[in-house]
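Asks: For reference, the structure I am asking about is given below.
The values are calculated or read from the model by the stated rules, or taken from the named source; none is laboratory data. Just so we're clear, the structure is a prediction, and the values are computed from it rather than from any experiment. Virtual Cβ from ideal backbone geometry, glycine too; neighbours counted across all protein chains shown. Quick note on the areas: whole protein, heavy atoms, side chains included, nothing else; ligands and nucleic acids left out. Shrake-Rupley method; radii C 1.70, N 1.55, O 1.52, S 1.80 Å.
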Amino acid sequence: MDDEKNEGVAAGPAKSIDPAAIEMLAHADECGIDTAFSRADHMKPCPIGESGACCRICSMGPCRLVGKDAEEKTGICGADMGTIASRHFARQVAGGVAAHSDHGRDMAMTLRAVAKGEAAGYKVKDEQKLFSVAGYMGIPTSGREVNEIALDVADKALEQFGQAHGQIIYTKRATPKRQAKWRELGLTPRAIDREVVEVMHRTHEGVDLDAENILKSALRCSLADGWGGAMLSTDISDILFGTPSPLASEVNLGVLKSDQVNVIVHGHEPTLSAMLVEAARDPELIAEAKAAGAEGINLAGICCTSNEILMRYGIPAAGNFLHQELAVLTGAVETMVVDVQCIMQALGPLAQRFHTQLVTTSPKAKIQGAVHVEFDEHRAPETAREIVRMAIANYPNRGPIHIPDFHEPLVAGFSHEYLNYMQGGFHRGSFRPLNDAVIAGRIRGLAGVVGCNNVRVTQDEGIVEMIKRFIADDVMVVVTGCAATAGAKAGYLSPEILDHAGPGLREVMEAIGIPPVLHLGSCVDNSRILTVLTQVATEGGLGEDIDDLPAVGLCPEWMCEKAIAIGTYFAASGAHVIFGVSSPVKASSEATRLMTTGWEEMVGGDLEFIPDWDEMYARALELIDAKREALKLPQYDPAQFGASGDSMFFAAIKEYLAEKAAEQERGLETVGSPVYPLSEGHSHTLGDGHSHTHGDGHAHGEGES
Ligand code: BF8
Ligand code: SF4
């Protein structure tokens with residue numbers, strides 16, 4: 001069985017490579033408290049369901065096709081293994097698309113409320129981005145008020161979910177070749193909700209009974225996420241909260257403070273957490289915290305809500321998916337505020353064993369044992385203050401605490417816009433230097449390492465292994481989601497990591513002034529990777545489309561349906577994608593063939609599942625090198641390039657971190673802040689040739705800069 005090859009699934013592997021997690025798991029054992037890690041020991045995955053061989057679509061079943069001749073068997077209705085596995089896979093894609101896209105819808109609703117002046121506390125923070133997005137949507141900007149444009153953008157975004165005609169507007173942002181391919185194959189997504197509904201319909205009992213056709217509908221549905229819900233979500237978050245630019249912060253459970261009121265935000269949406277950032281910095285509330293005996297208010301994040309506020313405000317990250325219970329176990333968390341997605345129900349009973357108050361905030365996501373304080377964008381600042389006050393009131397109830405002393409510095413906050421800027425300034429921004437470096441072989445290729453933690457494999461191990469090996473072999477890496485947090489915890493997002501990069505990669509990174517591992521944000525921000533890849537493909541010299549690029553996407557520790565949706569939309573966009581853990585269609589050789597060689601022939605990208613880290617890495621390099629060869633680029637040769645000195649960029653980051661450490665000693669405000677003077681008041685050149693500045697003296701219009 002494949003499982004035996006996966007060290008993470010074999011008996012007795014390490015639970016985590018993260019020293020903070022290891023310490024907290026020992027602490028959990030001492031306290032006699034269960035976590036997902038220990039529950040996994042007692043709950044093995046059902047091998048039939050895990051491999052895609054179980055159908056429970058109707059009540060004549062569940063039917064499970066097992067045994068040596070499983071692929072010759074059928075369910076009661078006659079459905080074969082290909083249909084059963086594909087149907088389940090397609091439903092996972094639909095689930096993932098629904099989650100990301102509903103998040104995107106909420107962002108659009110918030111933007112709409114802001115535009116109508118109904119959402120106190122929020123504003124259009126990045127007018128520049130608003131104008132770019134309006135440009136993509138064909139919304140006029142000239143001579144119009146910001147809120148007028150914002151209202152049109154919000155309505156256009158909302159239209160993408162349920163429009164009766166046409167296609168999702170952002171598909172126009174793909175390369176011309178890709179758009180033509182999607183059209184020809186009937187893969188262009190029409191409306192987000194419609195694609196989800198159609199997959200649910202087709203996979204109902206007795207509808208689409210052809211594995212190839214089912215998987216094709218999964219491809220189209222996934223595109224409604226990557227080029228629809230997720231991309232809208234990223235764009236609207238940038239409009240409301242600012243397009244990220246680099247900043248320094250810290251990561252891991254050691255960011256919790258023994259003498260402060262600790263508030264953790266966990267989940268995915270930035271709307272309430274952005275208000276909590278303000279509340280935690282409010283002098284009045286800080287004074288109240290001091291009156292309660294604390295030194296201040298410390299906000300930290302878990303999962304993608306964390307990434308959202310790390311990228312834009314430098315709020316430290318307490319950890320990734322498998323850290324949620326460990327954070328409560330410290331006994332130092334007054335309040336854990338959750339919104340939607342990746343929140344374990346186990347937090348309810350766990351929080352009750354400590355003083356921690358678990359606060360649910362979304363009407364879509366309640367947990368027994370939690371206090372529900374409903375978030376409403378029309379009164380968000382009040383809600384945020386109410387929650388912070390609850391945390392302050394809870395501070396005196398603390399029992400013994402155990403905070404593991406592990407915290408790593410990191411640099412985050414890379415956006416597509418910023419990368420353009422770094423490679424030529426605001427007015428001549430491009431991807432030329434990066435493309436040239438790939439063409440010359442200084443950079444061997446590009447890799448995205450993304451996705452979750454999963455207790456079935458050693459926490460962070462696969463992610464960190466891939467990042468480590470890639471940069472040593474001169475492959476530039478972008479990270480998002482819990483994989484970004486994993487890389488950061490292991491030190492791979494700190495300035496020092498340049499020393500671990502191969503000579504060619506190091507040389508280029510120093511010249512451009514960016515680190516070898518770029519944190520691009522939360523999981524909806526995987527759409528930023530689509531944008532980057534599209535620009536690299538159209539910049540020239542590396543083919544014409546994503547499937548020409550020496551690039552690969554990896555999700556070593558995938559866990560949820562959203563990860564499946566992401567992997568599928570990257571494949572449909574032309575990328576080779578490799579997942580770890582285990583294949584959800586392993587039982588069907590037909591579904592496996594369709595998603596690998598079948599999809600490669602059809603869309604140029606594919607989705608493979610390789611649980612063994614060495615094999616995963618070898619395959620990734622093989623794919624990168626094959627694309628280099630197809631492009632007739634020089635063979636990668638690490639001996640060709642030499643290391644140069646430290647760049648000014650890294651010197652600046654190091655200086656910043658030293659300063660921050662000194663400030664900490666003096667007891668000053670230490671929440672992360674920009675390492676570049678760019679968060680406010682920067683400008684970019686827009687696609688339509690207009691340029692705008694924003695920030696204080698915002699001006700926009702033709703020819704201005
Ligand atoms: O959306 S990586 S465990 S937190 S699903 Fe969840 Fe996976 Fe983390 Fe972010 Ni993404
Ligand atoms: Fe069994 Fe067919 Fe019903 Fe699935 S749909 S449970 S295979 S009878």
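Asks: With a sphere of radius 11 Å drawn around the Cβ of residue 103, what net charge do the other residues whose Cβ falls strictly inside it have (Lys, Arg +1; Asp, Glu -1)?
Replies: For residues surrounding residue 103, the net value is -3.
Asks: Give me the distance in nm between label points sitting 7 Å out from Cα along the Cα-to-Cβ direction at residue 43 and residue 626, one decimal.
Replies: Taking the two extended label points, one gets 3.8 nm.
Asks: Could I ask something else about it? Sorting check: for 296-302, 626-632, which peptide has the highest mean count of neighbouring beta carbons within 10 Å, and how do the rest follow?
Replies: Descending mean neighbour count gives 296-302, 626-632.
Asks: Taking a cut-off of 26 Å between Cα atoms, list the lysines near residue 68, but don't count ones fewer than 8 places away on the same chain.
Replies: List returned: 5, 44, 586.
Asks: Between residue 144 and residue 281, take the C-beta separation as r, use R0 = 45 Å, and let me know the FRET efficiency to the nearest 0.05.
Replies: Taking R0 as 45 Å, the efficiency between residue 144 and residue 281 is 0.85.
Asks: With a 10 Å radius around each residue's Cβ, average the other Cβ atoms per peptide and rank 85-98, 591-604, highest first.
Replies: Result, highest mean first: 85-98, 591-604.
Asks: In nm, give the distance between the simple-model label positions of residue 614 and residue 353, each being 7 Å from the Cα along the Cα-to-Cβ direction.
Replies: 3.8
Asks: Taking a ≥ b ≥ c as the square roots of the Cα gyration tensor eigenvalues, with a/c under 1.5 meaning rounded and otherwise prolate when a/b beats b/c, else oblate, which class fits the chain?
Replies: It is rounded, given that a/c, with a ≥ b ≥ c, falls under 1.5.
Asks: With the Cα gyration tensor of the stretch 4-134 giving a ≥ b ≥ c as the square roots of its eigenvalues, does the rule (a/c under 1.5 for rounded; else a/b larger than b/c for prolate; else oblate) give rounded, prolate or oblate?
Replies: The shape class here is oblate.
Asks: When the helices in the chain are scored as -39500 (n - 2.57) per DSSP H run of 4 or longer and the sum is shared across all residues, what 222 nm value do you end up with, to the nearest 500 deg cm²/dmol?
Replies: That comes out to -13500 deg cm²/dmol.
Asks: Additional query: For residue 551, which sequence-distant residues (separation of 5 or more, or a different chain) have an amide H within less than 5 Å of its own amide H, given hydrogens modelled in the peptide plane?
Replies: 446
Asks: A further question on this structure: Modelled label-to-label distance, residue 68 and residue 635, 7 Å Cα→beta-carbon offset: nm?
Replies: 4.5
Asks: What number comes out for accessible area per residue over the chain if the probe is 1.4 Å? Units Å², please.
Replies: Per residue, the chain has 36 Å² of solvent-accessible surface.
Asks: Here is a further query. Using modelled backbone amide H atoms (1.01 Å from N, in-plane), which distant-in-sequence or interchain residues come within less than 5 Å of residue 478's amide H?
Replies: For residue 478, the qualifying residues are 447, 448, 449, 518.
Asks: Probe radius 1.4 Å, ligands and nucleic acids ignored: give me the carbon and sulfur share of the accessible area of the chain as a rounded percent.
Replies: Whole-percent figure for carbon plus sulfur exposure: 51.
Asks: Where a ≥ b ≥ c are the square roots of the eigenvalues of the C-alpha gyration tensor, would you call the stretch 348-396 rounded, which needs a/c under 1.5, or, failing that, prolate if a/b is larger than b/c, or oblate?
Replies: oblate
Asks: Report the full-extension gain for the segment residue 589 to residue 374: residue separation times 0.36 nm, less the Cα-Cα distance, to one decimal in nm.
Replies: Value of the extension gain: 72.7 nm.
Asks: Exceeding 20 Å between C-alpha atoms, which entries from my cross-link table qualify? They are 177/627; 216/632; 468/489; 116/156.
Replies: Correct reply: 216/632.
Asks: Of the listed peptides 136-149, 340-353, 206-219, what is their order by residue-averaged count of other C-beta atoms within 10 Å, with the highest listed first?
Replies: 206-219, 340-353, 136-149
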